[in-house]
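> Let me begin by handing over the structure; questions about it come next.
The values are calculated or read from the model by the stated rules, or taken from the named source; none is laboratory data. Since we're looking at a predicted model, the values are computed, not measured. Don't worry about glycine lacking a Cβ; one is built from the backbone with ideal geometry, like all the others, and counts go over all protein chains shown.
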Amino acid sequence: MDFEPSDDQRLLLESVSRLLADNYGFAQRKTYLARPEGYSTDMWSKFAELGLLGLPFAEEYGGFGGGAQEVMLVMQAFGRVLVLEPFLSTVVLGGTAITTAGSDAQKKALLPVIAEGGLKLAFAHGERQARYDLTDVVTTAKRNGGGWVLDGSKTVVSHGEAADRLIVSARTSGERYDEDRITLFLVDTAAPGVARRGYATRDETRAADFSLSNAAGEVLGEVGRGLAIIEKIVEAGIAATAAETVGAMETMNEMTLEYSKTRVQFGQPIGSYQVVQHRLADMFMAQEQGRSMAMLATMSVDNADDTERRHDFALAKVGVGQAGRYVSQSAVQMHGGIGMTEEYAVGHYFRRCMVIERLFGDPAYYLQRLANEIT
Amino acid sequence: MDLRFTPEEIAFRQEVRAFIRDNLPTDIHAKMKLGNGPSKEDTVRWQRILNAKGWAGLSWPKEWGGPGWTAIQKMIFLEENQMAPAPELSSFNITMIGPVLLQFGTEEQKQRFLPRAANLDDWWCQGFSEPGAGSDLASLKTAAKLDGDHYVVNGQKIWTSTAHHADWCFVLVRTNPNARKRQEGISFLLVDMKTPGITVRPIISIDGSHHLNEVFFDDVKVPANLRVHEENKGWDVAKYLLGNERTGIARLGKSRERVNASIDLAHKVNMNGQPLIADPVFRQRVAQLQVDMKALEITQYRVVSAFDKAKGAGRPDPLSSVLKVKGTELLQATTELAVDVAGPMATPIWAEELAAMNEQDELLEAGSASTGSYLFLRAASIYGGTNEIQKNILTKAVLGL
């Protein structure tokens, strides 16, 4: 076991941190939010220049050749400043789908373009009725000549508003909840039969609902064997957002500490009161326990033992979710009234953590899964 | 960064597990599996078996009989030993006085005490707390006056675990009552418990056991060559000792063992006409504990791995306070789980009746023993610096408040 980043990883982290320090102050971030896309296309280009958009792709596909650890370091840095750009959906979720299931031709066609910043993806899996059940898919796909057409609806697709292509799950046969017979498709969001309704989620990123009616799709992976790929995508997403939560917790804890030193009540900084100090200590402990769980998720991404990997992801999702919830709620509480305002940053971190908790299944869902495993 | 165990570490775990399985005396194992603590004799027997194997020294260097393990290997050993469950090594001998003598002791002190400490030929105890000096340890009053070649010690220590078993005690004493800062007037002495003037009085704890004591010092003569480190520098020794104590204090293996025992027992007791193990509330509670244990396990590896990297040169990691707080919270939560599983069988004090039974009743014995560890481990968040003091340490060391 070795928890120290390598020299290359340290360099990566330094260059990402420097880019964000120069370009991602809270006031700057507000200007990105005000743009029509709801994020900064300039930043997107800068991410591409730095190699971040090809971070986990092999070098032969124009990538950086990194893995889950590099994604963890970058997502943690993104979490510290609440990055708005569609990195998670494009590089982590979409990227995992293509690297896991894509044919060599698909990889050659898509990965280099993603790495250059020319293609944005979103993972369109969730449906209204499904909540967190990965097998609850009623969108259908049927053969049409040499290809496939899809019918159905997908909801709360993260960064769906910006996406050029979607990774869509659909049933090629079978019933709702069947584990087999789900297939993944690449769908062009500009294709006929694709209707998009974009909106903001509570964390201010732009999501979308899609309805598909006879929309053309290109098979990604093996027909009927989509669930295993979906699991891989979800696991990569859990690991990445766990790291993002750690970054968000760090910033909330730093803000709260700073506030406790400067806010004076009853003639003294509130940080001089032991009740506040102990809450800060609890927040720090939650952050560190959460960091440990984010590391667990990262080290599990490539674990070939299915049972152990699923178990560890469930542990990590619960642990990080609970830590993020505790730190967010405490950060607002320790700030008092100012923490309730839209103007102040801490509430924005609170809401991002709240949204992350609900991506890919919440702590209660995974706690239930763990409970079911006990023999 | 490699967040997995190396093949060597996995093989090491197998080796430790196999050794414990093959060498732990069956009578000790059977008794502990039910949740009973080991007797003095059990602890001595097991530590001598481990010492013969060269494993008792844990973090000690090889030249002093240590196994030469990395900190990760040390954690793996502790976990396996606790999960077995087997008697734990005497922490006073192995993680307190041993490292203190290695760091601050004279050659003569090391030669005289270390081999006997490893083999548990000497049973050590810790004379730190006093009636007026608990969390505020530096306010201690037990006085030592130098008189020629020896100190004369007068005063009282309290909460002295296993003093009634002990051959030796390491004691914090005040050698300069006029020091500018209270911490600067304290020295660290090694005291033979057979010295005239020492009186040990039992304190029975809420689990009914005799573990704690009061120790009175009445004109006790201690040779000056049994002082460790310089006079009035005893606080540095105590800080070193407490920092060292912290990394082993999470006792995660013990928490895991209690959860496993609770799951075993939950198959044998009923709830609403079916085994308790089928109850969703029970299962969720176990699942939550698994989450918390995993988080602590990885935090612990982060701390010891950083310690390994610093080659022992680093100061105690403030994260070790997290281990203390979270580790003891888990010890308490897992022993509480075992008691709740035992249900009404957790209430009787069975010891004598059980001993008199011709046929042993495992359920009854497990229930009764679970309560013993539940009650005793209420102390876990108090000893070694209360959890509230740990939060003060975090506030200062990490947050800078």
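> Looking only at region B:41-69, which residues are touching a Ser or Thr at 6+ places or on another chain (Cβ under 8 Å), within 19 Å of B:Pro87 (Cα to Cα) and hydrophobic (A, V, I, L, M, F, W, C)?
Correct list: B:Leu58 only.
> Can I ask one more? Can you say whether B:Glu88 is out of contact with any His (no Cβ under 7 Å at 6 or more places or on another chain) and more than 21 Å from B:Val228 (Cα to Cα), as far as the supplied structure shows?
Against the criterion (out of contact with any His (no Cβ under 7 Å at 6 or more places or on another chain) and more than 21 Å from B:Val228 (Cα to Cα)), B:Glu88 qualifies.
> Name the single residue that is nearest to the other protein chains (Cβ to nearest Cβ) among those in region B:359-401 being more than 24 Å from the chain's Cα centre (by Cα) and polar (S, T, N, Q).
Only one residue tops the list, namely B:Thr395.
So that you can scan it fast, the table gives a plain yes or no per residue for (1) within 9 Å of another protein chain (Cβ to nearest Cβ); (2) in contact with a strand residue (DSSP E or B) (Cβ under 9 Å, 6 or more places away or on another chain); (3) among the aliphatic types (A, V, I, L, M):
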residue	(1), (2), (3)
A:Ala248	no, no, yes
A:Met252	no, no, yes
A:Gln265	no, no, no
A:Gln268	no, no, no
A:Tyr273	no, yes, no
A:Asp282	yes, no, no
A:Met285	yes, no, yes
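> A further question on this structure: How many residues, within region B:68-87, are more than 14 Å from chain A (Cβ to nearest Cβ), out of contact with any Lys or Arg (no Cβ under 8 Å at 6 or more places or on another chain) and either without any contact (Cβ under 8 Å) to a residue 12 or more places away in the chain or surrounded by fewer than 20 Cβ atoms within 10 Å (Cβ to Cβ) (or both)?
0
> Please give the number of the condition B:Gly243 fails out of (1) within 30 Å of B:Gln109 (Cα to Cα); (2) surrounded by fewer than 15 Cβ atoms within 10 Å (Cβ to Cβ).
Going through (1) within 30 Å of B:Gln109 (Cα to Cα); (2) surrounded by fewer than 15 Cβ atoms within 10 Å (Cβ to Cβ) one by one, B:Gly243 breaks only (2).
> Mind checking whether some residue in region A:189-202 is polar (S, T, N, Q), assigned to a strand (DSSP E or B) and over 12 Å from A:Ala97 (Cα atoms)?
No, there is no match, as no residue in region A:189-202 is polar (S, T, N, Q), assigned to a strand (DSSP E or B) and over 12 Å from A:Ala97 (Cα atoms).
> What pairs come up if the first residue lies in region A:178-200 and is touching a residue at least 12 places away in the same chain (Cβ under 8 Å), the second is hydrophobic (A, V, I, L, M, F, W, C) and part of a loop (DSSP other than H, G, I, E, B), and their beta carbons are under 8 Å apart, counting only those six or more places apart or on different chains?
So the pair list comes out as A:Ile182/A:Val137; A:Thr183/A:Val223; A:Thr189/A:Ala163.
> Pairs under 6 Å by beta carbon, first residue in a helix (DSSP H, G or I) in region B:367-381, partner buried (at least 22 other Cβ atoms within 10 Å of the Cβ) and of a type outside the set (A, V, I, L, M), six or more apart or different chains?
B:Ala369/B:Gly35; B:Ser370/B:Gly35; B:Ser373/B:Gly35; B:Ser373/B:Thr335; B:Tyr374/B:Thr335; B:Leu377/B:Thr335; B:Ala380/B:Thr328; B:Ser381/B:Thr328
> Just to be sure I understand, how many residues within region A:324-354 are under 16 Å from A:Glu204 (Cβ atoms) and in contact with a helix residue (DSSP H, G or I) (Cβ under 9 Å, 6 or more places away or on another chain)?
Number satisfying all stated conditions: 14.
> Search region B:1-25 for residues that are within 14 Å of another protein chain (Cβ to nearest Cβ) and on the phi < 0 side of the Ramachandran plot and pair each with any residue that is in a helix (DSSP H, G or I) and among the basic types (Lys, Arg) when their beta-carbon atoms are under 8 Å apart and the residues are at least 6 apart or on different chains.
Within 8 Å, the pairs are B:Phe5/B:Arg13.
> How many residues, within region B:341-382, are within 18 Å of B:Gly208 (Cα to Cα) and either among the aromatic types (Phe, Trp, Tyr) or modelled with pLDDT under 85 (or both)?
16
> Now, a different point. Do we find a residue being at the interface with another protein chain (Cβ under 7 Å from one of its Cβ atoms), more than 21 Å from B:Pro61 (Cα to Cα) and modelled with pLDDT of 95 or more anywhere in region B:298-305?
Within region B:298-305, not a single residue is at the interface with another protein chain (Cβ under 7 Å from one of its Cβ atoms), more than 21 Å from B:Pro61 (Cα to Cα) and modelled with pLDDT of 95 or more.
> Looking for whichever is modelled with pLDDT of 95 or more, polar (S, T, N, Q) and in contact with a helix residue (DSSP H, G or I) (Cβ under 7 Å, 6 or more places away or on another chain) here; the options are A:Gln265, A:Gln289. Which one fits?
One residue alone meets the criteria, A:Gln289.
> For region A:1-117, list the helices (runs of 4 or more DSSP H) that sit wholly inside it and hold at least 2 residues that are buried (at least 21 other Cβ atoms within 10 Å of the Cβ) and either within 14 Å of chain B (Cβ to nearest Cβ) or over 21 Å from the mean Cα position of the chain (by Cα) (or both); which are they?
A:68-81
> Let me ask another. Filter region A:259-275 down to the residues that are over 37 Å from the mean Cα position of the chain (by Cα) and in a helix (DSSP H, G or I) and list them by number.
Selection gives A:Ser272 alone.
> Ok, one more. Output the residue which, of all residues in region A:307-355 that are of a type in the set (Lys, Arg) and either under 26 Å from B:Thr299 (Cα atoms) or touching a Phe, Trp or Tyr at 6+ places or on another chain (Cβ under 7 Å) (or both), is nearest to the other protein chains (Cβ to nearest Cβ).
Restricting to residues being of a type in the set (Lys, Arg) and either under 26 Å from B:Thr299 (Cα atoms) or touching a Phe, Trp or Tyr at 6+ places or on another chain (Cβ under 7 Å) (or both), the top hit is A:Lys317.
> Which members of region A:335-366 meet the condition of being part of a helix (DSSP H, G or I) and among the small types (Gly, Ala, Ser)?
A:Gly336, A:Gly337, A:Gly339, A:Gly347, A:Ala364
> Determine, yes or no, whether B:Thr95 is touching a Gly at 6+ places or on another chain (Cβ under 6 Å), over 26 Å from B:Asp27 (Cβ atoms) and in contact (Cβ under 8 Å) with a residue 40 or more places away in the chain.
So B:Thr95 passes the test.
> With the condition being over 24 Å from A:Tyr366 (Cβ atoms), I'd like the strands (runs of 3 or more DSSP E) fully within region A:119-173 carrying at least 2 qualifying residues.
A:140-144, A:147-157, A:165-171
The rows are residues; the columns are (1) buried (at least 20 other Cβ atoms within 10 Å of the Cβ); (2) among the basic types (Lys, Arg); (3) within 24 Å of the chain's Cα centre (by Cα).
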| site | (1), (2), (3) |
| --- | --- |
| B:Leu101 | yes, no, yes |
| B:Lys110 | no, yes, yes |
| B:Gly132 | no, no, yes |
| B:Asp147 | no, no, no |
| B:Arg174 | yes, yes, no |
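> Do you know which residues across region B:110-132 are touching a strand residue (DSSP E or B) at 6+ places or on another chain (Cβ under 9 Å) and not in a helix (DSSP H, G or I)?
If the condition is that a residue be touching a strand residue (DSSP E or B) at 6+ places or on another chain (Cβ under 9 Å) and not in a helix (DSSP H, G or I), then B:Asp122, B:Trp123, B:Trp124, B:Cys125, B:Gln126, B:Gly127, B:Phe128, B:Ser129, B:Glu130, B:Pro131 are the ones that fit.
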